[in-house]
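Report on the structure given below.
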Amino acid sequence: MTVVRTIEQRFDHRAIDAKWQQRWLEDGINKVEDDDPRPKWYELTMYPYPSGDLHIGHWYAMSPSDAHARFRRMQGYNVLHPMGFDAFGLNAENAAIQRGIHPHTWTTDNMENMRRQLRSMGTIYDWDREVVTCAPEYYKWNQWFFLQFYKSGLAYRAFAPVNWCPSCQTVLANEQVIDGLCERCDSTVTHRDLNQWFFKITDYAEELLDHSKIDWPEKINRMQDNWIGRSEGVDIEFDISEYGLEEKTITTFTTRIDTVYGVTFVVLAPEHPLVEKLTTPEHKHEVEAYVTQARIQTEIERLSTDKEKTGVFTGSYCVNRLNGERVPILVGDYVLLTYGTGIVMGVPAHDERDFVFAKKYGLPIRVVVAPPDWDGKPLEEAYVDVGTQVNSAQFDGMNSGEGLRRIADHIETNDWGKRKVQYRVRDWLISRQRYWGTPIPIIYCDDCGIVPVPEENLPVLLPEDADFLPTGESPLALNEAFVNTTCAYCGGPGKRETDTMDTFVDSSWYFLRFTDTQYENGAFNPQSLSQWGAVDQYTGGVEHAVMHLLYARFFVKALRDLGMLDFDEPFDRLYNQGVILGSDHEKMSKSRGNVIAPDEYVDAFGADVVRCFLMFLGPWDQGGSWSDTGINGMARWMNRVWDVATRDARQLDDFPRNDDSVRDMQRLMHKTIRRVGEDLQRFKFNTALAALMEYTNGLNQFWEGKGVHSEHWAQAISSLLTLMSPIAPHISEELWERNGHEGSIHSTNWPDWDEELAADEVITLVVQVNGRVRDKIEVSASIDEEAAKDTAMDSRRVAPHIEGKDVARVIYVPGKLVNIVAR
């Protein structure tokens with residue numbers, strides 16, 4: 001898009017931005033020291049993927065978080081607000097393939113450009129603490145963590161059906177499949193069976209449900225809880241001993257054990273190993289064809305609530321030991337081997353989809369939990385609420401809530417099953433069949449089996465000469481120099497693991513590395529980490545709720561249990577910013593032609609105008625739409641700031657001082673200090689800027705009134721610049737210097753306010769109904785007409801006098817009364 005500039009700025013923003021960025025670099029003003037005596041504040045925003053250019057979404061995420069970190073520094077904290085690059089992954093590899101260059105070249109060039117852009121934003125990043133995840137000195141510690149997890153049983157290898165993206169030619173974690181599509185390229189995801197490496201996140205499922213130690217948005221906590229999917233129920237066994245198999249029973253999990261007497265069929269997942277054993281010869285062809293079709297579908301497709309349940313009969317039965325009934329065993333694609341036991345029981349009278357399934361295949365529908373006033377006739381639809389146990393042997397007549405407990409007791413007493421807590425979350429699949437990632441430090445030996453690479457041999461380097469074109473096989477498998485190695489146990493020939501790690505491993509601990517990126521004796525410096533601890537404030541997008549944020553929590557808990565950390569959570573507080581849209585109110589995309597290139601606007605208006613405009617769009621957590629009109633309006637305000645801050649205050653001394661004017665200006669100043677400070681504390685950047693704009697207009701009026709002297713004006717301007725400095729760091733620094741101040745404005749403290757001066761002036765608002773006084777309410781002297789009327793209408797003393805009547809008019813006399821005319 002072409003930059004539309006209608007405002008000419010009254011200062012040289014290009015020269016000012018360049019001057020101060022260079023000065024800050026030379027003076028080391030953003031250098032962070034561990035031994036600083038001030039209390040620590042670790043504030044982190046999610047690091048970017050080096051895609052090539054910072055887009056306006058990066059600016060929207062990073063400039064407000066930078067402003068908040070600056071504000072904290074001015075409040076007296078030793079602030080760590082670092083930056084790095086999430087440099088491994090499919091995006092770089094795919095981009096490199098398209099351009100015919102190496103991913104390392106592509107990534108390195110992009111990072112250099114993005115560093116320049118990040119500096120142009122005026123950020124306080126200490127670049128000596130930069131983290132780059134594709135650097136061997138970083139991914140060495142990915143491998144080290146893997147080995148610690150492997151030794152403790154948290155990393156394991158298993159043959160399993162996995163999500164496969166045919167376009168990206170790699171495995172995807174469940175969290176990376178969105179509505180059946182690859183989150184990166186939107187291709188339809190299929191299934192494959194592969195030997196894969198997993199992290200046992202399920203060991204921490206229960207603890208991950210505990211959010212008591214973190215101050216996070218409730219939406220994120222709820223998303224994580226839903227993803228983990230805790231269910232309390234019973235594992236119940238059905239007898240298959242009549243078939244002479246090694247397995248004498250099959251087990252299914254249910255949360256509704258009160259309905260077990262209503263089981264009329266049992267369904268196995270198509271992948272279940274018992275399918276082949278239990279399928280009788282006359283049903284073999286039909287079952288095999290069904291299984292083949294099921295396995296090409298994605299889990300999302302198979303679990304879709306819009307999809308009709310299907311299944312085929314295996315020819316075998318199991319026995320429900322509670323009532324001795326033989327129950328047909330089917331195969332159904334809506335059952336997943338990776339969830340629960342891979343077997344479900346069908347209770348059509350009390351499950352909506354089971355009801356439809358039973359109707360379709362002519363299976364019995366037996367009511368065992370009766371609805372109120374049930375007449376014994378067949379149900380027209382499944383009854384899923386509580387009721388009275390019927391057709392349930394000795395439990396008949398009980399409330400189904402009691403039946404739930406008593407039937408579970410009965411099953412456990414007879415050793416037919418046991419109570420169990422089950423989770424929907426699966427272990428974290430970390431294997432990727434791609435090149436641009438951390439090599440998994442494992443060797444396979446014909447004699448010794450799986451052999452971990454000795455720690456002293458780390459890092460296992462990613463070879464630069466690998467052919468990384470996607471073939472469906474790990475690219476590293478084609479590099480013989482990488483693959484062929486020596487077994488660390490027996491010294492014989494061995495072959496390296498050729499899969500690489502999911503890049504979410506990189507971001508699951510990067511916040512620990514920022515505390516000392518130069519440390520060579522471990523993944524993090526224990527002494528520095530003791531100083532900085534967990535991240536005090538984390539900011540980033542809500543889209544990471546069940547991937548990065550969940551994985552990072554798992555990592556910290558696992559490292560704590562391995563004795564490496566002394567805290568339980570990675571991020572004490574979390575704030576999610578919204579999404580910035582194009583000027584057409586649509587998501588930005590090249591195809592729509594609504595993408596905003598921030599460099600062009602920085603060149604046209606300066607970094608501070610772009611920062612301020614993005615923070616003024618609306619509440620940061622709600623996002624907003626780009627507007628060229630809006631950014632020109634912000635440039636106009638910046639011109640007004642320049643004007644009021646560069647006036648010769650000595651002119652004011654030629655006029656008599658007016659004590660009321662002095663007091664009013666001080667009152668406005670202290671109110672603004674309080675408002676802006678409270679708003680910045682809560683990430684309310686838009687209202688903080690609104691307060692600064694009101695303050696600027698107020699200062700203009702005091703200048704025109706000529707009732708204040710130069711010392712009062714200087715104090716007011718110093719406050720304006722100080723309050724602006726976290727949001728607009730360049731112009732505030734320039735004007736600070738031009739007003740004769742020594743040192744950097746960014747080394748000053750946040751100003752205090754006088755509570756008495758900052759207090760709102762109040763008036764007594766008289767409320768009448770049809771001319772008679774019904775209430776007197778203290779309100780702010782600055783209350784507007786709409787707020788005054790609303791306050792009057794909401795009065796509990798007024799309510800009885802207008803109840804049941806039509807309000808014909810509401811008359812407002814500014815600063816005095818509201819008269820409600822009701823008939």
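The values are calculated or read from the model by the stated rules, or taken from the named source; none is laboratory data. As the structure is a prediction and not an experimental result, all values here were calculated from the model. For neighbour counting, all protein chains shown are included, and Cβ atoms are generated from backbone atoms with ideal geometry for every residue, glycine included. Side chains included, ligands, DNA and RNA excluded: accessible areas come from the protein's heavy atoms. Shrake-Rupley method; radii C 1.70, N 1.55, O 1.52, S 1.80 Å.
Note that segment 580-725 presents 40 Å² accessible area per residue, ligands and nucleic acids not counted, probe 1.4 Å. Gain on full extension, evaluated as 0.36 nm per residue between Tyr243 and Arg419 minus their Cα-Cα distance, stands at 60.6 nm. Annotation: extensible slack from Glu520 through Asp373 equals 45.5 nm (criterion: 0.36 nm per residue apart, minus Cα-Cα distance). With 22 Å as the limit, the listed pairs Lys684/Lys789; Lys140/Lys495; Lys277/Lys307; Lys40/Lys200; Lys284/Lys309; Lys40/Lys671 have Lys684/Lys789; Lys277/Lys307; Lys40/Lys200; Lys40/Lys671 beyond it between alpha carbons.
If you sort the three axes of the alpha carbon gyration tensor as a ≥ b ≥ c, you get a/c of 1.5 or more for segment 750-823 and a/b above b/c, which makes it prolate. Our helix-only sum for the chain, with -39,500 (n - 2.57) per DSSP H run of n ≥ 4 divided by its residues, gives a mean residue ellipticity at 222 nm of -11000 deg cm²/dmol.
As a test question: what accessible area, to the nearest 10 Å², does Met615 have when a 1.4 Å probe is rolled over all protein chains in place? Answer for Met615: close to 10 Å² accessible. The label-point distance for Thr748 and Leu478, in a model that sets each label 7 Å from Cα toward Cβ, rounds to 6.2 nm. Computed from label points 7 Å out along Cα-Cβ, the spacing between Thr190 and Asn323 is 4.3 nm.
Let me make sure I get this right: for segment 300-371, a, b and c are the square roots of the gyration tensor eigenvalues over alpha carbons, sorted descending. Under 1.5 in a/c it's rounded, otherwise prolate if a/b > b/c, else oblate. Which is it? Oblate. Modelled spin labels at His285 and Ala135, positioned 7 Å past Cα toward Cβ, are 6.5 nm from each other. Computed with a 1.4 Å probe over protein heavy atoms only, the accessible surface of segment 213-258 comes to 49 Å² per residue.
Just to confirm the number: angle between the C-alpha axis of helix 218-228 and the first principal axis of the chain, 0 to 90 degrees, nearest 10? It is inclined by approximately 20 degrees. Computed from the C-beta positions of Glu8 and Lys219 and an R0 of 45 Å, the FRET efficiency is 0.55 to the nearest 0.05. Largest accessible area first, the residues Ser152, Ser120, Ser65 order themselves as Ser152, Ser120, Ser65 under a 1.4 Å probe with ligands, DNA and RNA left out.
Charging the Cβ of each Asp and Glu at -1 and of each Lys and Arg at +1, and nothing else, the dipole of the chain about its Cα centre rounds to 1540 debye. For Lys706, go through the aspartates and glutamates and keep the ones whose alpha-carbon is under 14 Å away, minus same-chain ones fewer than eight residues off. List returned: Asp648, Asp653, Asp654, Asp659, Asp660, Asp664.
For the Cα trace of segment 230-388, dividing Rg by the Kirkwood Rh returns an Rg/Rh value of 0.96.
By its C-alpha gyration tensor, with a ≥ b ≥ c as the square roots of the eigenvalues, how is segment 412-546 shaped: rounded for a/c under 1.5, else prolate for a/b larger than b/c, else oblate? Cα axes put segment 412-546 in the oblate bin. Pairs of Cα atoms under 8 Å, at least six residues apart: use those to get the relative contact order of the chain, whole percent. Relative CO of the chain lands at 14 percent. Our note on the geometry: Cα centres of segment 53-111 and segment 375-389, 58 Å apart. Taking packing as the residue-averaged number of other Cβ atoms within 10 angstrom, the listed peptides 555-566, 809-820 run from highest to lowest as 555-566, 809-820.
The candidate values were [x] 33.5; [y] 30.4; [z] 31.7; the one computed from these coordinates for Kirkwood radius over Cα pairs in Å carries the label [z]. Between Arg157 and Ala690, the C-beta separation translates, for a Förster distance of 51 Å, into a calculated FRET efficiency of about 0.35. Here the Kirkwood formula puts the hydrodynamic radius of segment 528-672 at 20.1 Å, using every distinct Cα pair. A 1.4 Å probe, protein heavy atoms only, puts the accessible area of Glu711 near 100 Å². Using the Cβ-Cβ distance between Asp643 and Glu308 with R0 set to 60 Å, the FRET efficiency works out to roughly 0.30.
Per-residue surface analysis assigns Lys140 an accessible area of about 50 Å², computed on protein heavy atoms at 1.4 Å probe radius.
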